[in-house]
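Step one of this worksheet: look at the structure below.
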Amino acid sequence: MTLTKQPVQFLLLSAGTAVAALYHLTALLSPAFANIAYSLTYPPLRHIVFIAINCTCAYLFLSRPRWFIWIYIVLAAQAVNGHGTRLWRTWFTQNKINWIDIITVSGVLLGLAFLFADLRKRKGEVS
């Protein structure tokens with residue numbers, strides 16, 4: 001796997017998930033940042049889990065094994081449920097836009113669309 005042969009959308013998705021891992025790492029290491037970015041009840045173990053998930057996705061967006069899409073569908077459903085629900089709730093209860101939620105939901109759905117398109121393209125090359 002060489003980076004120069006990767007489609008740009010997957011390089012960007014890989015970089016985006018790496019940034020998400022850094023965001024969780026920052027929250028884990030900096031209580032001041034964590035208090036601003038997350039609720040006080042957000043457990044540190046959850047940051048560790050999402051650091052691992054985001055780092056794994058950063059790699060898998062570059063290698064794109066055929067099975068990755070099925071795991072990513074589960075992650076996308078979890079992210080849309082969590083971030084999408086919070087986005088909706090924040091908008092309607094506080095009249096505020098939570099940009100992290102918009103970026104996360106948009107990025108996850110774009111990732112899903114690009115993975116489906118890539119899978120379809122690869123199936124067409126095999127036929």
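Here, each number is a calculation from the coordinates, and none is a lab measurement. Values in this document were obtained by computation on a predicted structure and should not be read as measured data. Cβ: placed from backbone, ideal geometry, glycine included. Neighbour counts: every protein chain shown.
Observations
- Only aspartates and glutamates eight or more places from K5 in sequence, or on another chain, were considered; those with a Cα closer than 18 Å are D118, E125.
- Converting phi to 3J(HN,Hα) with the Karplus coefficients 6.51, -1.76 and 1.60 and the offset θ = phi - 60°, region 53-62 yields 4, 5, 5, 5, 5, 4, 5, 5, 5, 8 Hz in sequence order, with x at every glycine or proline.
- Counted by neighbouring Cβ atoms within 10 Å, the residues S14, S106, S39 run from fewest to most as S39, S106, S14.
- Size of the chain: Rg and Dmax of its alpha carbons, in Å, are 16.0, 54.
- Cα gyration tensor shape of region 1-67, rounded if a/c is under 1.5, else prolate or oblate by comparing a/b with b/c: prolate
- Estimated from helices alone, the mean residue ellipticity of the chain at 222 nm is -26000 deg cm²/dmol (sum of -39500 (n - 2.57) over DSSP H runs with n ≥ 4, per residue).
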